[in-house]
1. Report, to the nearest 10°, how far helix A:140-150 tilts away from the longest principal axis of the Cα atoms in chain A, using its own Cα long axis and a range of 0 to 90°.
2. Across peptide C:781-792, what mean number of C-beta atoms from other chains lies inside 10 Å of a residue's C-beta?
3. With every atom except the alpha carbons ignored, what do you get for Rg and Dmax of region B:178-291, in angstroms?
4. Note down the relative contact order for region B:68-172 as a percent, whole number, built from C-alpha pairs under 8 angstrom at least six residues apart.
5. How well do other chains shield peptide B:259-265, expressed as the mean number of their Cβ atoms within 10 Å of each residue Cβ?
6. Less than 9 Å Cβ to Cβ from C:Ile232, Lys/Arg counted +1 and Asp/Glu -1: what total charge do the surrounding residues give?
7. Rounded, prolate or oblate, given the Cα gyration tensor of chain C, with a/c below 1.5 counting as rounded?
8. Can you work out the Karplus-derived ³J(HN,Hα) for every residue in region C:536-544? Use 6.51 cos²θ - 1.76 cosθ + 1.60 with θ = phi - 60°, whole Hz, and x for glycine or proline.
Amino acid sequence: MTSVRFSLNGESAEVDVEPRELLLDTLRDRLAAKGAHAGCEQGACGACTVLVDGSGVRSCLMFTVQASGTEVRTIEGVGSPGALHPIQQALSQHHGLQCGFCTPGMVLTALELFETDPHPSRDRIEEWMSGNLCRCTGYVNIVSALESLAGTGEAPS
Amino acid sequence: MKPPRFDYVAVRSVAEATEALAQTEDARILAGGQSLVPLMNLRLARPRLLVDVNGVRDLVGFGGRNGTLRFGAMCRHRFLETDPLVHQKAPIFAETAALIGHVHIRNRGTLGGSIAHADPVAELPALLVALDGRVIASGTGRERAIPAAELFAGPFTTSLDPTELLTAVEVPAHTDGDGGAFSEFVRRHGDFATAGVAVIVHRDASGTCESLRIAGCGLGPTPVDLSAAGEFLLGESELGDGAARELGKRVAAASDPPGDVHGSKDYRRDLAAVLAADAVRRAWQKAGAARRDPGG
Amino acid sequence: MSVAAPPRAPAQTGTRRHEDTRLLCGRGEYLGDVQRPDLKHIAILRSPLAHARIRDVDVSGAMTVPGVIGVFTGAELAADTGEFSHHLPMIPTLRQITWSVLATDKARFVGEPVAAVVADSRYIAEDALELIEVDYEELPAVSDAKAGLEAEAPLLYEDWGDNVFLYMPGAHGDVEAAFADADGELRERFTHHRVSGLPMEGHGALGEFDPSTGRLEMHVSTQVPHTLRTVISDITGLSEAKIRVVAPDMGGGFGNKAHFMREEALVAVLAMRVRHPVVWQQDRTENLLAGLHSREQVHEVEVAYRNDGRVLGLRANFVVDVGSPELYILGCAPAIVTTGVVPNCYDLQDYAFELRCVATNKCPMGGYRGYGQPQGIFLMERVLDLVGERLDIDPVTMRRRNMIPDEPRPYVTATGAVLDTGSFDEQLSELLEAADYDAACGARDEARAEGRLVGVGIAQMVEPTAPNIHALAGRFGGYEMAMLTVQPDGRVNVAVGTKSQGQGHETIYAKVAADVLGISPDDVAVSDGDTAALPYGIGTWGSRSAVMGGGAVIKAARQVRDKMAAIAAGLLEAPADQIEASDGFFRLGEAAIPFGQIAAAAYLHTFLLPPGMDPGLSVVVGYDPGNTSPFPDERGKLNVAATYSTAAAAAVVEVDPATGVVTVSDLTIVHDCGTVIDRVLLDGQIHGAVAQAVGQTFFEEIHYDENGQPQTSTLLDYMIPAFGDVVRPRIVHRETPSELIGGFRGAGEGAIIVTPAALAAAVHDALAPLGVPITQANLSPSRLRELLRAHSTA
Ligand SMILES: Cc1cc2nc3c(=O)[nH]c(=O)nc-3n(C[C@H](O)[C@H](O)[C@H](O)COP(=O)(O)OP(=O)(O)OC[C@H]3O[C@@H](n4cnc5c(N)ncnc54)[C@H](O)[C@@H]3O)c2cc1C
Ligand code: FES
Ligand code: FES
């Protein structure tokens, strides 16, 4: 067991874990950050996306020991039921989520996109988001939601 | 789908890394983890010790000296894709790195990891072959250079010793008259390529083709050197549409790709023809443009 | 009146759906989020061989791993648990089999569960799996239906003598006469490949057993919690009164979760054995190997037609690879549906078929959005285009000549479907207009002149919705239940027996209930998926939720509203039928009593109730429109559907002949699901179904090698569409209300049923200059290149 400390959504977290424990499992099972989901554990779906030191990673491909000393941000640190983040609001308004399983990963990936480029084109949105799979929405309304925030698409209805 | 047990050490220097590798059987380097961890989750890889080199400063960075460009093994794909200096000095690396996976894969995945992993469909190993580059490998107390031509031994197999750390990648510096292009076919944006072709052309001041190197991914058990297919273009100063297509045909004929769920042998050959023609057109044009516009 | 109207619920932060806030904040409770103190984890050892006799399973090594609570084999568990069966003894040509939660004597596909470990963590459980030693005697495998039908084929069940799991013939009308009258005959073979519904969250179950009360509580990611309770009762021997099944938030289902997985029952059995809460979560590899697969079929058809384009008769031979047959509801069910929908919206009464469902050493086949219909529709739509091509009659004319006329309704199809639809003719006209069909054809001709392979294709479908599953499951009829309670404060709770997997039922049902009660949907809280909240329910599948669940909710709301109106009538001293409920009041002309005050009267100030009226405002209703049949009649005709939806699609594509890549440049869907409850949510269903249609046509294929070894066990090998593969359909809604409560016809599947046929038609049209006909559903780049290559060398 190794003791690992990192910051989780601005608060310090400390856990004792085996080196093999995936960050995804630590977040979900030890730190009650259940918004990161296991969609594949093969690095292929993006449902487990979190931000580590501001950049998006797949928490199913990172061992918790590797997060030592970092700042981890999860969906729990993005918006709250009383104060949704604009990305969350846009997704709801455009009906960009159905089952919601992919949604936290989508929100975090989009967050990093808008930090990198506040006015992404549709192509850029699709390229940037390409690692996040959704089986419900056909992506149509997710793209519309993000375009509305980019100021390149139609405004939310 | 959870990884088996292993020991873990985060090292700070190349020496610490090589020592750790030497001391434990079945020790493995952990770089970006974007290939190794999925395999561990599937229990297809089960190292006893993971040597995490993410904190080794000497393995990052990029610079040029004596006509050679040197990349630290831990250069992330995303760094190659976005760094202005890389764009200027090694534009083909920026172009190629942008083709790898999705942004979050590129945030973590590394140049050294991709080459050491030696996936036959990966882009960077093919690029290394096309550029006729080499890698620097460190064992305890020794260092050697392995040319690309001697590095890739089979699918997911290199001539690196298990106790060696790949520390750097070296390629000839980009010069006036060089033009490179990487064309690939992916089913969806960010997928591993079904097939890909890198073409590196050098044209002299008059526009004549002096050298032309070609390598493919997804076209054989390793990245394959297909340069021989382009010999007929040496000494030419124009590249007509017919010549580009002819190159495509020759590349397709010269490659012996595997068949799998992503495409049959024949399908990959079909792609090789299309991709090689596209890559040579783009590389040829860039080589000409580079002449007129040094720096570009 | 002294009771104040209740304050409005706090604003839902402006979200479109009631469920959005928690899902957006990562606070949904999916199966993997359900926490229990002392929860133990199950990992399942799965057969690495496609076909093998299990001689011995040695678990002693696994038992020694620290943190392991128990290791269980099939033989051990079979000794004292019930068995699965298909519950269809009435079908004489179906092989009657039983099976257990784990394989006992034989493993029949790679991924079949053989043993299970319960441990402190999934990590440890998987460590222990590696130490279980199974002595397998490997047997030759049957890798597809054709191989399975060969005389010398290895047998999955030796006592059958062959591998035919189900043989089902059907003969309607006079096919021989139709062929005798025909001007020409077309023979064709259509193929459909294997895909998976692939919800982003796999299957999973958590079980807790309390020995002191004998109660079992299960959380299961299932579309059918109540019927699953019945099955869990079969297997565990517990009374249904002692079992509660809760389906929490679900990360998709798409029909894959409308079957009863043996792993779900395994969790129940293990919970009772180890006396700890236990959880099994299917990981992605398990999901791809042993979740469910769908669609794989081969059709051989003979068509009798007249020179004016009329299709007179059709004979079809369906050969279906159902994989291992050990799945309840049986994997033949979608294929049976295929045979039923073939006539589609065309006036074809002379139709005969033979269906052979062949057991093979592959993952069980099961339901996936569309449930056998995409294949049946593909057949008929391709036939019309191919016959039309022979006769030089364009696709639109072919359809108009064969279409079921507008009158009469109902129209009874060859297979017994009692169609209550709107006009197919008008629907087609609307499609052509919305798609600007003539212009698209003109643009195609111009592109063709430039040497580009552009094509336009159309397709239509009629979909039996809200079906009665009895004929396929041996029980569970065509009805739904709902409970509606108005609380003393005027807020409303609705519980319903359907189960949302992302469709937004909390929002939809709130709206339909609120409309009846004359209140705001924000004051209605909907829950689904809990067997403790409602006596029974049939779940969500078959586009049934709006029709059946919506119908039940409306029925319940009407009953409660009528009672409240009676209370209001008493207070206002007027007849109840003059009272109206609207905007939160019960009104009689100018006089109005707030909804909440009536609610308070019913519970808190019961002296205000009319004499003899019982207190309380809560009803449980069952709703069965009563127009479906549980069994085929003596002529083999069966109307399973409570009503019918229709749709039509037009696609424009371009094929890159060098790479085989097809670009869908335009897609129009005209859709008639009766009364539309929420246009935006409905469009979302269509977007998702279109994406899945695009996926199965151009991206997805489950591969096995000739030894039955699966080749697609990760999401890098099994490719579902991603961003960038988006097709934005143009959607037109026709609203032809059904005669059922609410006027609904059912939605969710139409677009995946009709789109593959339209895409195939468009690709066929694009390749017309090369003369390469499309008779396969798989149009992935490599498959299309294969076709082009074969054609150019032929
Ligand atoms: C969804 C997804 C999509 C992807 N798409 C692509 C793609 O399109 N193209 C592509 O090329 N790759 C793709 N990848 C893989 C990705 O590029 C990996 O980053 C890369 O292949 C390996 O780099 P890494 O740094 O992650 O290495 P790791 O996964 O850390 O290691 C890989 C192997 O190399 C060894 N190794 C790593 N570094 C060294 C070193 N310095 N010295 C010696 N041995 C070393 C490790 O021990 C291990 O055996 C994808 C991955 C995923 C999950
Ligand atoms: S769970 Fe991590 S990428 Fe799918
Ligand atoms: S909303 Fe269900 S997977 Fe995206």
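1. Rounded to the nearest ten degrees, it is 90.
2. Numbers: counts 8, 12, 3, 1, 6, 5, 0, 1, 4, 0, 0, 0.
Taking all residues of C:781-792 together, the mean is 3.
3. 13.6, 46
4. 32 percent
5. Mean partner shielding for this stretch: 5.
6. Overall, the nearby charge balance is -2.
7. Values: a/c = 1.81, a/b = 1.13, b/c = 1.61.
Oblate is the answer for chain C, as a/c is 1.5 or above yet b/c matches or exceeds a/b.
8. Each residue of region C:536-544 in turn: 7, x, 9, x, 10, 5, x, 6, 9 Hz.
Since every read-out is calculated from the coordinates, none of them should be taken as a lab result. Computed from a prediction, not measured in an experiment: that's the story for all the values here. Positions of Cβ are backbone-derived with ideal geometry, glycine not excepted, and every protein chain shown enters the neighbour counts.
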